[in-house]
Amino acid sequence: MANQKEIPYKIYLEEQEIPTQWYNVRADMKNKPSPLINPGTHQPMTAEELSAVFCEDLVKQELDNDNRYIDIPKEIQDFYKMYRPSPLVRAYCLEEKLGTPAKIYYKFEGNNTSGSHKLNSAIAQAYYAKKQGLKGVTTETGAGQWGTALSMACAYLGLDCKVYMVKVSYEQKPFRREVMRTYGAQVTPSPSDTTAVGRKILAEHPGTTGSLGCAISEAVEVATSTPGYRYVLGSVLNQVLLHQSVIGVETKRALDKYGITPDIIIGCAGGGSNLGGLISPFMGEKLRGEKNYRIIAVEPASCPSLTRGKFVYDFCDTGMVTPLAKMYTLGSNFIPSPNHAGGLRYHGMSPILSQLYHDGMMEAVSVEQTSVFEAAQLFARVEGILPAPESSHAIRVAIDEALKCKETGEEKTIVFGLTGTGYFDMVAYQKFNDGEMDDYIPTDEDLAVGFAGIPKFPGNEF
Ligand SMILES: *Cc1c(COP(=O)(O)O)cnc(C)c1O
């Protein structure tokens, strides 16, 4: 990297450098992600069908495979100014600790009260709901970051917000719940007896600790059966990756200021939104044949959708009330081990990232949770930030790649997404600190149970 300027610890952009357009990577994909299909007819979901569940403008964004840039409405830009641009940090202290010649940067999205990148899409989705004149929105939340982000956005815009929170998190993270309630959201542990699908799941699996898939079913049921409500989702969907492109566009702008070209870009992958957003402008260059980057998705070994899942059409939820998405999936009834503390528990993966992975445009690795928390602890001690367990998956692999550089003497530039902070994950940290954390890796037999629930129809064999 022939740059003359000294790289500061933090590369900040000016307020006027916050992106005013989202970048839609689908425009540059030759193989577009497969459309959502109707589970009854197996035909692509029409805008009209989708509008029963989602706001109209978001349906347009969901279906837009062609427009490369989409203007960010002024109101959303103004909200972004409250907590963006987010810093791109040179991890000098981590590099020194590792003794690596690699240059490590991380884009830190935890600098807002919700503690994660999810606010980038929450404000966009709440804005379009408000613009349509809706009364409120429903959603699910797992670890709670999405529910918190959405509560904040809804409070700002004066929208009602109903959150179905995965039961295990509801019980483990009472303070996360109180943050949401402080912002005015109504929070229900899922599965619950407030919906037909929740009652059915409870009858079939008494004592279940819940899953994102269950909570989605409940939130969709409430949205579609309550006038003036729509459902919003914090990850997976094309529209969410579009909103999260603000992360990647800022990252690229900051790197370009100093003439830095990354070799490796790393992100954790739950439903794929932060990774999809971070990599989008870089992936665009790669798709257009202008640059080549190694792009690595990191997922937990206990919920390994990309590395061990099937690339087929599957339901997005456990109750099988949503459209089918073509994605890497473990089956919509897959419920990760309750011992798995690190988030990233969704059974599927963004159709955009699934297609890119299928086409060989990115890599995926899975990591075990104790090694993730080891990386988290090291990072906290040298870089100061207490990372979210989800983000720590990316830290783990960034460290691994930096250590490889130490072996080979290569001065690679590594960029990773630090998606959030871990203050509400202290039960998991406590387990780790007490030496009571273990690694659970599902067996092929465990996974077969989930695969058996994938819908079978011509063209969907695996
Ligand atoms: C939700 C979340 C993730 C995972 O979701 P993606 O959609 O895969 O980005 C990662 N990190 C944090 C802090 C989160 O809140």
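The values are calculated or read from the model by the stated rules, or taken from the named source; none is laboratory data. In this text, all values refer to a predicted model and were calculated from it rather than measured experimentally. In this analysis, Cβ positions are derived from the backbone assuming ideal geometry, glycine residues included, and neighbour counts consider all displayed protein chains. What goes into the accessible areas is simple: the full protein's heavy atoms, side chains included, and nothing from ligands, DNA or RNA. Shrake-Rupley method; radii C 1.70, N 1.55, O 1.52, S 1.80 Å.
Some values worked out for this structure:
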| quantity | calculated |
| --- | --- |
| Where labels lie 7 Å past Cα in the beta-carbon direction, separation of LYS404 and GLU363 in nm | 0.3 nm |
| Charge tally in the Cβ shell below 14 Å around PHE451, where Lys, Arg are +1 and Asp, Glu are -1, PHE451 excluded | -2 |
| Taking the convex hull of Cα positions in the stretch 55-113, its mean projected area over all directions (nm²) | 6.9 nm² |
| Free-standing Cys, the chain [no other Cys Cβ under 4.7 Å] | CYS55, CYS93, CYS214, CYS268, CYS303, CYS316, CYS405 |
| Angstrom value of the Kirkwood radius, inverse mean 1/r, which spans all Cα pairs in the stretch 262-368 | 14.1 Å |
| Descending principal axes extents, the stretch 316-462, alpha-carbon based, whole Å | 52, 37, 26 |
| By accessible area with a 1.4 Å probe, ligands and nucleic acids excluded, highest first: order of PHE379, PHE432 | PHE432, PHE379 |
| Whole-Hz ³J(HN,Hα) from phi, Karplus 6.51 cos²θ - 1.76 cosθ + 1.60, for the stretch 224-239, glycine and proline x | 7, 10, 10, x, x, 10, 9, 9, 10, 10, x, 7, 6, 5, 4, 4 |
| Rounded to the nearest 10 Å², the accessible area of SER225 at probe 1.4 Å | 80 Å² |
| On Cα atoms only, tilt of 369-383 relative to the major axis of the chain in degrees | 50 degrees |
| Lys, Arg +1 and Asp, Glu -1 on Cβ, resulting dipole of the stretch 29-148 about Cα centre, debye, nearest 20 | 460 debye |
| Surface per residue (accessible, 1.4 Å probe) for the stretch 316-414, Å² | 31 Å² |
| Residue-averaged [θ]222 nm for the chain, counting only DSSP H segments that reach four residues, each worth -39500 (n - 2.57) | -12500 deg cm²/dmol |
| Value of Rg/Rh across the chain [Cα atoms, Kirkwood radius] | 0.94 |
| Partner lysines for LYS32 [C-alpha distance under 23 Å; skip if fewer than 8 residues away on the same chain] | LYS60, LYS286, LYS291, LYS310, LYS326, LYS456 |
| Between the stretch 84-147 and the stretch 330-380, the alpha-carbon center distance in angstrom | 17 Å |
